[in-house]
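Every number in this text was worked out from the coordinates using simple rules, so none of it is lab data. Since the structure is predicted, the reported quantities are computational estimates derived from the model, not experimental observations. Cβ atoms come from the backbone with ideal geometry, glycine included; neighbour counts cover every protein chain shown.
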Amino acid sequence: MSQPVEHRFATRQGELCWFEWGSAGGKPTLLLLHATGFHARCWDATIRALPADWHFVAVDLRGHGRSYRPDSLADWLATADDVAAFVREQFARPVFAVGHSMGGFVAARAAVLVPELIAGLLLVDPVMMTLETYAVEAANPDGSPSDHPVARRRNAWESAVQMIAHFAGREPYAHWRSDVLADYCQYGLVPAEGGEGLELACPPVLEASAYMGSWRNNPYAWVSQIACPTTVLRARNAERSGPMDFSVSPTAPYLAEHIAGAKDMHWNEVSHFIPMEVPDRLAGLIVQLVSRDS
């Protein structure tokens, strides 16, 4: 498959960067939305395993990749508003949306905001947690993103090669397919603002604000409004050791019950990082779902 074309889309707050493989026509269009701290090109391996004549669009969400940087990413509904505006402007006919982690939350919300343009949903281990989680966190005072452990991530790099070598043997990256790790590093770095070397495209403090926002964005107020065919794909079940434990699924096991007609699927052999560990298997599921819903 050829390299994607890079585009820009202007929102009221700033520009989104998005990538396009192929062109709209008689074949399905897939809209792909990434997780917190990631970027659009983390979908490359999944796209390579899908039919080459399909149309693919992957978006760098606000604060990620090469899109604009707001002051905070705590408001996930605002991130979904960006995507809904993008969908309204770019698509003349309904698309199938696939969202991983925070991208699953955003895809689900977009299906409520622009229902006429979302033909189906695959929510890949979405950060849509138990009702109890939101209730407990709502009772706790907000801290500062700069105090969050993610804010202490290494941010200075000489090259993508150095970043790959650094992460290849570490959790959770050691379980990722090597080509996905390479894409994550290659496209997840931008020239440092100081002028020397490279830095993360999603700054650690900004990423930390998104993680903190996950506990403040309760989807149960609106998720029942989703009307399109929806599949919730959950990863390994176990007791999480904490809010940053992604070796197991953060998704509420009963989430699909809150979406009319939704199908619940469970892949207990993989962690939360499904597109990074088994992109070919995920692509096979997408083909099945798109064929079923078209």
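Rounded to the nearest 0.05, what FRET efficiency is calculated for Arg240 and Ala52 with R0 set to 41 Å and r the Cβ-Cβ distance?
0.60
Rounded to the nearest 0.05, what FRET efficiency do Glu196 and Ser247 have when you use their Cβ-Cβ distance and R0 = 35 Å?
0.50
Counting Lys and Arg as +1 and Asp and Glu as -1, each charge on the Cβ, what is the dipole of the range 148-278 about the Cα centre in debye, to the nearest 20?
320 debye
Taking the DSSP beta bridges in the range 2-58 as the whole, what percent of them are antiparallel, to the nearest 5?
Close to 70 percent.
Specify which residue in the list Val83, Leu121, Pro145 is farthest towards the positive end of the charge dipole of the chain, using unit charges on the beta carbon of Lys, Arg (+1) and Asp, Glu (-1), about the Cα centre.
Leu121
Under the 0.36 nm per residue contour assumption, what length would be gained going from the current alpha-carbon distance of Gln186 and Ser146 to full extension?
The span from Gln186 to Ser146 would gain 11.8 nm if fully extended.
Rounded to the nearest whole Å³, what is the per residue volume of the convex hull around the Cα atoms of the chain?
In the chain, the Cα hull volume divided by residue count equals 125 Å³.
Take every Cα-Cα distance within the range 154-294, group them into 10 Å bins from 0 onward, and report for each bin the whole-number percent of pairs it holds.
Over the range 154-294, the share of Cα pairs per 10 Å bin runs 10, 29, 35, 20, 6, 0 percent.
Work out how much length Asp71 to Ala260 would gain on full extension: take 0.36 nm times their residue separation and subtract the Cα-Cα distance, in nm to one decimal.
64.5 nm
For n ≥ 4 DSSP H runs only, could you compute -39500 (n - 2.57) per run for the chain, divide by its residues and tell me the 222 nm figure to the nearest 500?
Roughly -8500 deg cm²/dmol at 222 nm, from the helical runs in the chain.
Amide H of Glu15 versus every other amide H placed in the peptide plane: which residues, excluding those fewer than 5 positions away on the same chain, fall under 5 Å?
Tyr68
Among Leu32, Leu123, what is the fewest-to-most ranking by other Cβ atoms within 10 Å?
The order, fewest Cβ neighbours first, is Leu32, Leu123.
What is the Cα centroid distance between the range 38-53 and the range 230-294, reported in whole angstrom?
The range 38-53 and the range 230-294 have Cα centres spaced 18 Å from each other.
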